[in-house]
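Participant: If you scroll down you'll find the structure; I have some questions about it.
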Amino acid sequence: AYFNRKSKKHLLEKCDMDDIQLLCSVNGIGLYSAVGLLINIVLISRFPTVKHLVSYFGLHPVLKQSGDGSWGNHMSKKGKKQPRAILYNIIRSAMTCNPVIKQLYEKCLKRGMSKMAAIGVCMHKVLRIVYGMLKSNTKFDPNIDVANQKGIREKLKKNKDTKRRYQPYDSKAPISRR
């Protein structure tokens, strides 16, 4: 995640890859952050879905339980530490200059999330944006994100039981004895 003077110079001279320029089209992702992300991602084709990429970075939610009965959903953190550090720095920058991330962060804070939990949600969002850009090979466009969110909302409105998004309710389904 940290570059010395020689490696910075080498990156500036040698890295003219299209993917780096593509990632730099997002406000908040600079040259070194883009290179750091691509070093960790290697090929986007390694990840069939965005959930696989999020799990690779250790940003997926998991249920944490302890013996005393306290439990809750938390960030997994099973991935490498350095990529999450790069994402954290991207978010710190994007919260000031990227309206999509800034709006999401403020929305999370209004819902009562802690600041670090809201940053975790924003890190997840940036990974989703990066995955979409690398898969479709298009520059960042906030209008595409708005259209995708509208499409999801319309699907939820069509489904009458919004708590069960992906499958209809089945009264004959087995029930856990727990």
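Participant: Filter the stretch 115-146 down to residues that are of a type in the set (G, A, S), under 17 Å from G79 (Cβ atoms) and without any contact (Cβ under 8 Å) to a residue 24 or more places away in the chain, then give me how many there are.
Facilitator: Residues in the stretch 115-146 being of a type in the set (G, A, S), under 17 Å from G79 (Cβ atoms) and without any contact (Cβ under 8 Å) to a residue 24 or more places away in the chain: 0 in total.
Participant: Right, here's the next one. Got a number for residues in the stretch 62-74 being under 19 Å from K51 (Cα atoms), touching a Lys or Arg at 6+ places or on another chain (Cβ under 9 Å) and among the hydrophobic types (A, V, I, L, M, F, W, C)?
Facilitator: 1
Participant: Looking at I39, I44 in this structure, which one is at pLDDT 85 or above, surrounded by 13 or more Cβ atoms within 10 Å (Cβ to Cβ) and among the hydrophobic types (A, V, I, L, M, F, W, C)?
Facilitator: I44
Participant: What helices (runs of 4 or more DSSP H), lying completely within the stretch 60-178, carry at least 1 residues that are open to solvent by 90 Å² or more (accessible area, probe 1.4 Å), closer than 18 Å to G36 by Cβ and modelled with pLDDT under 90?
Facilitator: Here the list reads 81-97.
The values are calculated or read from the model by the stated rules, or taken from the named source; none is laboratory data. Only a predicted model underlies this, so the values are computations on that prediction, with no experimental measurement involved. Quick reminder, even Gly has a Cβ in these numbers, built from the backbone with ideal geometry, and neighbours come from all protein chains shown. Surface areas here come from the heavy atoms of the whole protein model, side chains and all, with no ligands, DNA or RNA. Shrake-Rupley method; radii C 1.70, N 1.55, O 1.52, S 1.80 Å.
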